[in-house]
Every structure is written in structure tokens, then in C-alpha cells.
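Notes follow the structure.
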Amino acid sequence: MPTYIFLPVPNDEMLGNAEDWVEGFKKIGGDVTILINKDSHGLNRKGLRHLFGLGALRQLTTADTLYVMAHGRSERHHYNGIKLIGARRGDVWKNYTPEHLASTLYKEGLRTDFVDLRLFCCNSGVARDDDGRCYAQDLCDAMRDRYPGIQVTGYEGTLYSNYGPRFRKSDFSNRGNSDSAIRVVDRGIEPALYARDYSLMGRRGRASDFKVVYAANEI
């Protein structure tokens, strides 16, 4: 099924990360398309793009997978849960609350029967210390009324978009001979679960092994 990467803030860093993903995915026989959120004028302004069916996400079908790529922004240490995602736009940060991102996806033409939405943002699936919730959960709640079938995936750690040899979850915390562990080529993650374990510092697992999924149709 087709895979897409949406960049809410398409700066040079985010574009470079997305291009690393595309290059690595192609090497293992996959294909992914980058879509960007353009702030412009006239009929291309966000509200009018949606009104006239010109949004960046208008071509997606219910069988597709959409990744949103941005930085996860934490007010505390890097392994805590987040309340904002975003990236630099010039000299300032452009941030998205879950409600703002939900509105942006709708205005960019994401169909309301869409299902598979994934937040490739660091710590988007990590529970916050203050309320026990995560950004992926908050986004699912923000989209529920308009997108009753949406499933939002968040990731539990620091993410890397480039493809390389990654530890399987079953081998990740094995402190024995790491060279004998079976690895797979995939995008990487340094799981928040092990962030305080200095013996595992720098070790990267497979991003898809450390995730949480929230479904709008589950209370």
C-alpha cells in the first residue's frame, strides 16, 4: 500500500530527513512520497486549498499510510512525553498542538474516512509525567469527531529516519555479545524506556518495535 510523509514545517532539515527515508526505503524495495505543507497566498492559502480540493493530502486513499514528520518538543528531558511537535521556520519554532495538527490535516484535504496515521516525531508515544498521556493519544482525541475510524501511532523514543541495521526488540536489552544479535535494516529508535541505562546508550532498535496505537473507535 502507498506510503506518504507529510512535513508540517518543510525546512531544510526536515526535507533532508525525509529524503534519507526515501533513499533507504527504496534500497529495500519500498516507495514513499514526500508531501509538504506550503504556506502561500491566494487560492493556495490553507482554508481555500481545502475548499477547492487543492490540499497536499487530497490524493490519499483509505488504503494508504501517512507519516507526519516533525520534532517532538519536550519542556523537560529528552525522554519525557511531549505536548507539541514542530520545527524551525527561519529563526523561530513553528509548533503544533494536537488540535492545530488535526485542523491542518483536515485543511490539507485528508479524507475523513482515513485510517492509518503515524507520528514520526520523537517521543510521540511516550506518556508524560504530569498526566500519563502522550501526543498520539491527544491527537487521536482531537480527530475523533471528524475522523471516526482514525488510528494514530506514536513512537516511544528518539527517532532516526535513515535506514540501517537495528536491534530487534527481543535483543535490544541483551548486554551480551551484541555482534551476535540478529538485526534488521529499518528506521531507528533509541527507546525512552532505556534512556537512563548508560550501558545501552547509542544502541538503536527498530522503530516499529517501540510504538503505541490509539483508535478513535475505541473509548
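The values are calculated or read from the model by the stated rules, or taken from the named source; none is laboratory data. Values in this document were obtained by computation on a predicted structure and should not be read as measured data. Reconstructed Cβ throughout: ideal geometry from the backbone, glycine too, with neighbour counts over all protein chains shown.
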Next on the checklist: Can you tell me which of (1) assigned to a helix (DSSP H, G or I); (2) under 28 Å from Gly30 (Cα atoms) is the one Leu193 doesn't meet?
Outcome noted: (2)
Checklist entry - Just wondering, is there one or more residues in segment 29-40 that are modelled with pLDDT under 95, surrounded by 15 or more Cβ atoms within 10 Å (Cβ to Cβ), outside any strand (DSSP E or B) and not β-branched (Val, Ile, Thr)? => result yes
Item to check | Test: Val213 is out of contact with any Phe, Trp or Tyr (no Cβ under 8 Å at 6 or more places or on another chain), assigned to a strand (DSSP E or B) and of a type in the set (A, V, I, L, M) | outcome: yes
Item to check | So Asp186, is it without any contact (Cβ under 8 Å) to a residue 60 or more places away in the chain, buried (at least 20 other Cβ atoms within 10 Å of the Cβ) and either touching a Cys at 6+ places or on another chain (Cβ under 7 Å) or assigned to a strand (DSSP E or B) (or both) | outcome: yes
Next on the checklist: Could you go through segment 118-136 and let me know if any residue there is over 29 Å from Gly202 (Cα atoms), among the small types (Gly, Ala, Ser) and either touching a Pro at 6+ places or on another chain (Cβ under 7 Å) or at pLDDT 95 or above (or both).
Outcome noted: no
Next on the checklist: I'm trying to understand the selection: among the residues of segment 140-156, which are in contact with a Gly (Cβ under 8 Å, 6 or more places away or on another chain) and under 17 Å from Thr97 (Cβ atoms)?
Outcome noted: Gly154
Next on the checklist: Is it the case, given these coordinates, that Leu60 is at pLDDT 95 or above, assigned to a loop (DSSP other than H, G, I, E, B) and more than 19 Å from Tyr214 (Cβ to Cβ)?
Outcome noted: yes
Checklist entry - Got at least one residue in segment 94-110 being acidic (Asp, Glu), closer than 21 Å to Met14 by Cα and touching a residue at least 60 places away in the same chain (Cβ under 8 Å)? => result yes
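Of a type outside the set (Ser, Thr, Tyr), crowded, with 18+ Cβ neighbours inside 10 Å and at pLDDT below 95: is that true of Glu75 in this structure?
It is false that Glu75 is of a type outside the set (Ser, Thr, Tyr), crowded, with 18+ Cβ neighbours inside 10 Å and at pLDDT below 95.
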Checklist entry - Inside segment 86-128, can you point out the residues that are touching a Gly at 6+ places or on another chain (Cβ under 7 Å), surrounded by fewer than 22 Cβ atoms within 10 Å (Cβ to Cβ) and outside any strand (DSSP E or B)? => result Lys107, Gly109, Asp113, Val115, Ala127, Arg128
Checklist entry - Does at least one position in segment 84-104 carry a residue that is touching a helix residue (DSSP H, G or I) at 6+ places or on another chain (Cβ under 7 Å), of a type in the set (Gly, Ala, Ser) and closer than 21 Å to Val213 by Cβ? => result yes
Checklist entry - Only one of (1) on the phi > 0 side of the Ramachandran plot; (2) buried (at least 20 other Cβ atoms within 10 Å of the Cβ) fails for Gly132. Which number is that? => result (2)
